[in-house]
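The values are calculated or read from the model by the stated rules, or taken from the named source; none is laboratory data. Keep in mind the model is a prediction, meaning the values are calculated, not measured. Because the Cβ atoms are built from the backbone with ideal geometry, glycine has one as well, and the counts that use them run over all protein chains shown. What goes into the accessible areas is simple: the full protein's heavy atoms, side chains included, and nothing from ligands, DNA or RNA. Shrake-Rupley method; radii C 1.70, N 1.55, O 1.52, S 1.80 Å.
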Amino acid sequence: MMGGPVRNLSGEVVLVTGGAGYIGSHAVLGLLEAGAVPVVLDDLSTGVREAVPAGVAFEAGSTLDRGLVVAVLRRHAVTSVMHFAASLVVPESVARPLAYYRNNVAG
């Protein structure tokens, strides 16, 4: 983790959307270090399954699938969410703003 003491998050179950991507996977490592139980939700459109540490629950799918998200929240008794499942290619976001809004905000 970057700078400062690591807060003890023991007992927290944190859903990390986009947890198989670069930033999300590092958040998962930080959560593990802090004693939290991360659960990863990722559609693997840009992330890679191998980025999720062994032993961390992985759910394949999109944040746009409301039924899946509700099921994951319930199945794992999630207490908080970190949202990293976002698209971030600037030229494409300018060309297709509604698609980016749908994925980054609605999802």
Worksheet, complete the sentence: Rounded to one decimal in nm, the spacing of the 7 Å Cα→Cβ label points at Ala77 and Val90 is 4.5 nm
Fill in: P(r) of the chain over all Cα-Cα pairs, binned every 10 Å from zero, in whole percent
15, 46, 30, 9, 0
Fill in: Area accessible to solvent at Asp43, 1.4 Å probe radius, in Å²
80 Å²
Discussion item. Accessible area of the chain with a 1.4 Å probe: how many percent of it is carbon plus sulfur?
Written reply: 60 percent
Worksheet item: What residues have an amide H closer than 5 Å to that of Glu12, excluding those fewer than 5 places away on the same chain, when H is modeled at 1.01 Å from N in the peptide plane?
Response: Val37
Item to complete: Using only Cα atoms, find the angle between the long axis of helix 66-75 and the longest principal axis of the chain, and express it within 0 to 90 degrees, rounded to the nearest 10.
Response: 0 degrees
Discussion item. Quick check: the angle from helix 22-33's long axis to the longest principal axis of the chain, C-alpha only, nearest 10 degrees?
Written reply: 20 degrees
